[in-house]
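Every read-out reported here was derived from the displayed coordinates using simple, explicitly stated rules and does not represent laboratory data. Bear in mind the structure is a predicted one, so any value in this text is a computation, not a measurement. Positions of Cβ are backbone-derived with ideal geometry, glycine not excepted, and every protein chain shown enters the neighbour counts.
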Amino acid sequence: MDWRDLIWCRDLSLKLCRCCRTDSLGRRTAYCSDECRRWFNQNHFWWAARPVALRRAHEPGGYRCADCEGLTDEPEVDHIRPVGGSQQLRNASCYNHQANLQVLCIRCHKFKTASQRARPRVNEDGRPAGRNEMQASESGEERPAQGPEVTA
Ligand SMILES: [Zn+2]
Ligand SMILES: [Zn+2]
Ligand SMILES: [Zn+2]
């Protein structure tokens, strides 16, 4: 499956910037600026999203666990809405939105993974089961502040 099939916050078939949706791409093909490229990578590709999530949780002395709120020096980046063991969803998909990533300590992560196994929360197509909470909770506030405006 192409990774583009696992992106649903943007229609990537249109010739618009993948981040801010401007059509002023000039000679570029996917992003209007390096900033938009960075935003898209950091919200869709595990290799780029993971370090950002870690940085967000980093404090003097360690990483703050989002669950027990303790400090750990062995942080694990967890998908709040789980990828259900899918390597593809983990590598590149809208599951890697920063809003869906949190840092857990090993203990809390183990506990979460164990309890998830009992009740999978993703549909066949990889999208969250039930309501479309992920999309609803993301009204574009994660876009870079000084990104070019979309002109209609
Ligand atoms: Zn852009
Ligand atoms: Zn913890
Ligand atoms: Zn997305």
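With a cut-off of at most 14 other beta carbons within 10 Å, and DSSP calling the residue loop, which trypsin sites (Lys or Arg not before Pro) in the stretch 1-103 qualify? Please list them.
Lys15, Arg27, Arg28
Let me know the shape class of the stretch 3-121, please: from the alpha-carbon gyration tensor, a ≥ b ≥ c as square roots of the eigenvalues, rounded when a/c is under 1.5, otherwise prolate if a/b is greater than b/c, or oblate.
Because a/c hits 1.5 or more and a/b fails to exceed b/c, the stretch 3-121 counts as oblate.
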